[in-house]
1. Within segment 63-96, work out how many residues are surrounded by 17 or more Cβ atoms within 10 Å (Cβ to Cβ) and over 24 Å from M206 (Cβ atoms).
2. Quick one: would you say N192 is within 22 Å of P336 (Cα to Cα) and not hydrophobic (A, V, I, L, M, F, W, C)?
3. Would you mind telling me which numbered condition in (1) more than 25 Å from F270 (Cα to Cα); (2) touching a Cys at 6+ places or on another chain (Cβ under 8 Å) Q240 fails?
4. For segment 130-161: of the residues being assigned to a loop (DSSP other than H, G, I, E, B), at pLDDT 90 or above and aliphatic (A, V, I, L, M), which is surrounded by the fewest Cβ atoms within 10 Å (Cβ to Cβ)?
5. Can you tell me which residue among G97, G83 is without any contact (Cβ under 8 Å) to a residue 60 or more places away in the chain and at positive phi?
6. Can you find a residue in segment 182-193 that is of a type in the set (S, T, N, Q), buried (at least 19 other Cβ atoms within 10 Å of the Cβ) and in a helix (DSSP H, G or I)?
7. Can you tell me which of (1) more than 24 Å from L213 (Cα to Cα); (2) within 22 Å of the chain's Cα centre (by Cα); (3) touching a residue at least 40 places away in the same chain (Cβ under 8 Å) is the one L112 doesn't meet?
8. Could you pull out the residue among L277, L271, L251 that is in a helix (DSSP H, G or I) and modelled with pLDDT of 90 or more?
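The values are calculated or read from the model by the stated rules, or taken from the named source; none is laboratory data. These numbers were taken from a predicted model, which means no experiment stands behind them. Glycine also receives a Cβ, built like all others from the backbone with ideal geometry; neighbour counts cover every protein chain displayed.
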Amino acid sequence: MDFLTLFGIYVAVVLICIALVCKYSGHQQTPLGQLLGAFTGIVSPWIPQWLQSICYRTMHRLFHQRNNFFLYLHLLLEVVVYGEFTYEVFGFCLDMGSGSFSLCVPYILLALKSCVFYLCCSRDPGTLTKSNLSAQLKIYQYDEKLFQQGVKCSTCQLVKPARSKHCRVCNRCVQRFDHHCVWVNNCIGAQNTRYFLLYLLSVCAMAGNIAVLTTDMLLQTVLRTGLLHAHYIDEQGVQQPAGPLFIIQHLFLTFPRIVFMLGFLVFVFFLLAGYCLFHFYLALVNQTSNEWFKAKGHNCQHCHPYSGHNCRTSYNPFRGFYHRGILKNVGEIFWPLRPVQKKEN
């Protein structure tokens, strides 16, 4: 099996895994989720019914029931990446004269990420109970479009405060509900959104930092071995200069684990960077991803072209109804709002 075939299989496996997460994590509106749904509809007639049933039960258990699978998978991937970085890249970088501090940065980021990851997993996201319901009802006003006053949760039998939602996975209502994250096995709500944003930022920084150090190590290897000026004999016996493809294949054969690790980190970085920017944008406009998707699909019954009624412009998905200015919006993430207590005379 040649290099291009092996690399193509590697890319296909990564993209399929990403598409599965997009489809079964509850956001079927994503392009990858829609593409996978169309592909599933085409191939399903050719798949035995018993195999479809097993796949469905497995996916339902992984993505729609509380479990620690992705939490353990997340930790396993970290161990593999940091093990490979420490075992091979760290030593090469030291030999090439890289600074000790720059090589310690990935481990500092790992420590910071581990702290916010633990807080994101363990902190209550803002569960609504009978004891705190009256206070939570005072925090946000109802917009009477996405959130109507007096609506009761059919499962919890509690009046739903504005911006709250019942999580099917955790079986609880959460204040300022954003989404349920399978990677931390917890809901993201009013009380832990700040930890989730810091978690995303730290993971992006880790992946980017290790990718840069690894790329620098490979580039230094190419420069020091003179591969840029090397030649090889092709199948016709003609001497050819070593081009980019030849150099990549040489690095892959010489450092296969390092090249695979670098490819994985690049995928993770760009995937999480986009996701991280999306959530930071939502924080700046004081929206949750739940409100974003609901606003995009909002179809007001009064918005008939001949009704003369227009929904407020705040219902476009680019600005939330609860937008209070960038500084206040960000402050609300890191210092969640509490009900205002009236002073007694």
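1. So the answer is 1.
2. Here the answer is yes, as N192 does meet what is asked.
3. (2)
4. Across segment 130-161, the extreme among qualifying residues is V151.
5. When all the criteria are applied, what remains is G97.
6. yes
7. For L112, the exception is condition (1).
8. Unique residue meeting the criteria: L277.
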